[in-house]
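A.B. asks: Structure below; questions to follow.
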Ligand code: U2P
């Protein structure tokens with residue numbers, strides 16, 4: 001049997017080999033292994049905005065009649081097949097100039113629906129969560145498919161436009177309403193028929209809060225993981241109620257943006 005001192009270099013060599021192997025298999029900066037697939041997570045403003053208690057200029061729920069009425073982008077997430085995901089893979093210098101041509105589209109289709117979302121990665125705070133959180137938390141883990149800030153945002157917007165979930169649901173008869181519930185299976189089937197893969201639906205109580213579309217690394221549709229859904233059999237797709245109209249909450253407070261962070 002090899003002596004203890006002979007085992008030390010052996011262990012070291014083994015560890016080096018493992019590290020090299022992980023590298024060959026695509027480890028990414030920060031030590032997390034390469035992701036398996038993408039999820040495009042879309043949020044439903046009708047559900048999220050009705051929970052709004054605070055307004056600030058960056059909260060799209062507070063734009064009155066200009067508030068979003070279609071699914072908006074929550075994020076493009078690199079995910080693992082085991083249901084976990086990598087996050088915050090590298091420190092980035094977010095540079096708004098790099099995406100200046102996309103800002104109008106981002107404000108419209110990828111707005112924050114909250115006040116007070118700060119970056120969760122390296123204890124930095126972001127003025128606009130969609131930029132800071134998305135690129136730092138998820139964008140930096142999207143390598144080697146997506147390697148820079150501009151590519152991350154333009155890719156996400158392009159995929160979002162290609163599969164218009166709001167339109168798919170409307171054409172199948174699933175329109176926003178505060179008086180009806182729809183079978184969850186019907187909503188899933190409508191998306192499957194058009195997207196050719198199974199989405200994930202996330203609910204807040206009975207209301208649809210998010211729909212996630214999943215993709216292989218070449219952005220061909222694939223099934224999302226079939227983990228149990230948070231939705232009941234019949235779900236609602238609440239219509240957006242403009243702040244200030246008679247049905248909306250009367251106790252919504254406007255707070256300055258710097259306090260919102
Ligand atoms: O679902 C709650 C939060 O967990 C993060 N998440 C979830 C699923 C997944 O596949 N990937 C992922 O990152 C999201 O965190 P956020 O990006 O909002 O900080 C999601 O909101």
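A short reminder: the numbers here are calculations on the coordinates, not readings from a lab. Here the structure is a predicted model, which means the values were calculated and not measured.
A.B. asks: Which three numbers, in whole Å and largest first, are the semi-axes of the equivalent ellipsoid of the range 48-108 derived from its Cα gyration tensor as √(5λ)?
C.D. replies: 26, 19, 12
A.B. asks: Mind jotting down a quarter of the surface of the convex hull over the alpha carbons of the range 130-180, in square nanometres, one decimal?
C.D. replies: Averaging across all directions leaves 5.0 nm² for the Cα convex hull.
A.B. asks: How big is D for the range 155-242, in µm² s⁻¹ as a whole number, if Stokes-Einstein is applied with the Kirkwood radius of its Cα pairs at 20 °C and 1.002 mPa s?
C.D. replies: Here the translational diffusion coefficient equals 158 µm²/s.
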